[in-house]
Amino acid sequence: MVLFGIEEEFLLVDPVSSEPQPMGPALRARLGQQDHPLFQVSAELLDCQIELATFPCAGRAEAATALVAMRRALARAAEEAGTQPAGIGVVYNASQVPAKVTDTPRYRRVASNAPAVVADEYVTGLHVHAEIKDPELRIQVMNRCRPWIPTLTAVAANSPFWYGRDSGFASWRTILYRRWPIQGCPPVFADDADYRRRLQQLLDSGVAADPGYVSWLMRPSANYPTVEWRGADSQLSARHTLLAACLFRALAATELPAAAAGEPPVRQPQPEHLDIALWQAARYGMAGELIDLETARLVPAHDQLGRLLEHVAGALSAHGDEEFVRCGLDRIRREGNGAERQRRAHEEGGFAGWQQLLREELTAGAD
C-alpha cells in the first residue's frame, strides 16, 4: 500500500467582500494554541494564506477524518478572528495594492526576486504526496506519471474568477503559476543522479535560491520520500480534495511495479505537446476537450478521464478506493468540477450565491 499525505492551502478573505485579509499569522497563532493530532499548520507566501497538512495516511478513511477535522478547526478559528477561509485556486477579487508577504527571510527574498509576480500571487493549491522510499524508483515513477498531469489538472480545476470577472479559464491559477522561473511539467530524467545533477545546476544559477523554487507541477519532494503532485487548485470541499488525492495515489501505485521491474515507460509526449495539453486543461477543465497525448488530437475531457480511470483501476481496487473514485467522477460528470460549480452558483445566485457555495462546501463531509 502506498502511503499518501495531503497539503491544503486556503485563502483568507473578508466574509463580506471576499477580498484577501492578512490574517494568516493570527490564525496560525489560534490554531497553535490547540492540540491537533491529525494535522499540522504552516505559513504560506502571503499573509492572507494558510496551509494545513495531514500526516501520512495509509487509507482513505484516515485521510478523510484528517481533512474534515482540519477544515472544521480552521473554520472555527477563522470565525473567531473575523475572516473566512476559501477553498479556491485564486482570489475572487483584490485591490491593486501589492499583497502583504509573510514576514520570514525566505519569503522576503522571494518577494525581492519577483516583485510584480508576488504582488498579486493570490493563488492556493492542493499538493498530494505519494510515498516512494527508493530515490531511483521515485524518479522513474514521476517519469511515468508525467503524461497524466494535464488530465489531473483538468479534474481539479477550481479557479475561474479573477479580479471580479470570469477569466475564461477553468484553472486560472495554472496560468498565473506559469510566471515563475521553473514551472510547468517536469522534464524526463534518466535516473536519480541525473535529477540531482540538473537540480544542482538550477540552484547554482543563482535564480533558484533553494529547492522550493523548483516548482514543477510534479516533483520529488525536497522534504519527504515522496513524489509530490502540485498541479491541483485548492478544492471547495474535503470530498473533492480526497477524490483528487486518491486518484493521484492510484496513479503512483500503478506505475510503481512497472518502474521497479525496469519496464520502459510508454512513449513520452513531446515537451511542446505536454505543455499545450496543460494549457488546454487549464482553459477548459472538464467542460470541453483535452489533448490525447498519444495522438496529439483533441478528445472529450471525460473520455480522456475514462482512460486514466481504466489505467489506475487495479490500484484503486487494491486500496479500496475504486467505488469512491468512480462515484466521485460520476458526480463531476453530472454536476461539474469546482470551476463549473463556482460558475453555476454565480450565474444562479450572483456574488452572494457564490459565497454561499464556498461557505457550505468548506466544512462539508468527505463522503
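The residues of segment 118-171 that are touching a Gly at 6+ places or on another chain (Cβ under 8 Å), under 17 Å from Leu358 (Cα atoms) and hydroxyl-bearing (Ser, Thr, Tyr), listed by number, are Thr124, Ser159, Ser171.
Within segment 12-24, the residues that satisfy the criterion of being out of contact with any Cys (no Cβ under 6 Å at 6 or more places or on another chain) and either crowded, with 18+ Cβ neighbours inside 10 Å or at pLDDT below 95 (or both) are Val13, Ser18, Met23, Gly24. Select from segment 54-108 the residues that are in a strand (DSSP E or B) and either charged (D, E, K, R) or farther than 18 Å from Ser17 by Cα (or both) and list them in ascending order. Answer for segment 54-108, where residues must be in a strand (DSSP E or B) and either charged (D, E, K, R) or farther than 18 Å from Ser17 by Cα (or both): Thr54, Cys57, Val101.
Find the residue count for segment 286-319, including only residues that are in a strand (DSSP E or B), of a type in the set (A, V, I, L, M, F, W, C) and surrounded by fewer than 22 Cβ atoms within 10 Å (Cβ to Cβ). First the steps, then the outcome.
Within segment 286-319, the first condition is being in a strand (DSSP E or B), and the residues that meet it are 289-292, 297-300.
If we keep only those that are of a type in the set (A, V, I, L, M, F, W, C) as well, we get 290-291, 298-299.
Subset that is surrounded by fewer than 22 Cβ atoms within 10 Å (Cβ to Cβ): 298-299.
Result for segment 286-319: 2.
Within the set Ala94, Ala64, Ala111, the sole residue that is of a type outside the set (Lys, Arg), surrounded by 15 or more Cβ atoms within 10 Å (Cβ to Cβ) and at pLDDT 95 or above turns out to be Ala64.
Let's see how each residue does on (1) over 26 Å from Trp229 (Cα atoms); (2) of a type in the set (D, E, K, R):
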{"site": "Ser18", "(1), (2)": "yes, no"}
{"site": "Pro22", "(1), (2)": "yes, no"}
{"site": "Gln33", "(1), (2)": "yes, no"}
{"site": "Phe55", "(1), (2)": "no, no"}
{"site": "Ala64", "(1), (2)": "no, no"}
{"site": "Ala78", "(1), (2)": "yes, no"}
{"site": "Gln84", "(1), (2)": "yes, no"}
{"site": "Thr102", "(1), (2)": "no, no"}
{"site": "Arg108", "(1), (2)": "no, yes"}
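Within segment 160-172, is even one residue over 25 Å from Ile291 (Cα atoms), of a type in the set (Asp, Glu) and surrounded by fewer than 16 Cβ atoms within 10 Å (Cβ to Cβ)? There is no residue in segment 160-172 that is over 25 Å from Ile291 (Cα atoms), of a type in the set (Asp, Glu) and surrounded by fewer than 16 Cβ atoms within 10 Å (Cβ to Cβ).
I'd like to verify a number: residues in segment 227-249 that are assigned to a strand (DSSP E or B) and crowded, with 24+ Cβ neighbours inside 10 Å, how many?
Within segment 227-249, the first condition is being assigned to a strand (DSSP E or B), and the residues that meet it are 227-233.
Narrowing further to those that are crowded, with 24+ Cβ neighbours inside 10 Å: 227, 229, 231-233.
So the count comes out to 5.
Yes or no, residue by residue, for (1) within 23 Å of Glu9 (Cβ to Cβ); (2) part of a loop (DSSP other than H, G, I, E, B):
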| position | (1), (2) |
| --- | --- |
| Ile149 | yes, no |
| Leu152 | yes, no |
| Ala157 | yes, yes |
| Ile175 | yes, no |
| Gln183 | yes, yes |
| Pro187 | no, yes |
| Ala190 | no, yes |
| Ala193 | no, no |
| Leu199 | no, no |
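Are any residues in segment 1-52 outside any strand (DSSP E or B) and either in contact with a His (Cβ under 9 Å, 6 or more places away or on another chain) or among the aliphatic types (A, V, I, L, M) (or both), and if so, which ones? Steps first, answer last, please.
Residues of segment 1-52 that are outside any strand (DSSP E or B), as a first pass: 1-3, 14-19, 21-38, 43-45, 47-48.
Those that are outside any strand (DSSP E or B) and either in contact with a His (Cβ under 9 Å, 6 or more places away or on another chain) or among the aliphatic types (A, V, I, L, M) (or both): Met1, Val2, Leu3, Val16, Met23, Ala26, Leu27, Ala29, Leu31, Leu38, Ala43, Leu45.
The values are calculated or read from the model by the stated rules, or taken from the named source; none is laboratory data. Note that the coordinates shown come from a computational prediction; the quantities given were computed from them, not determined experimentally. All Cβ positions, glycine included, derive from the backbone under ideal geometry; neighbour counts span all protein chains shown.
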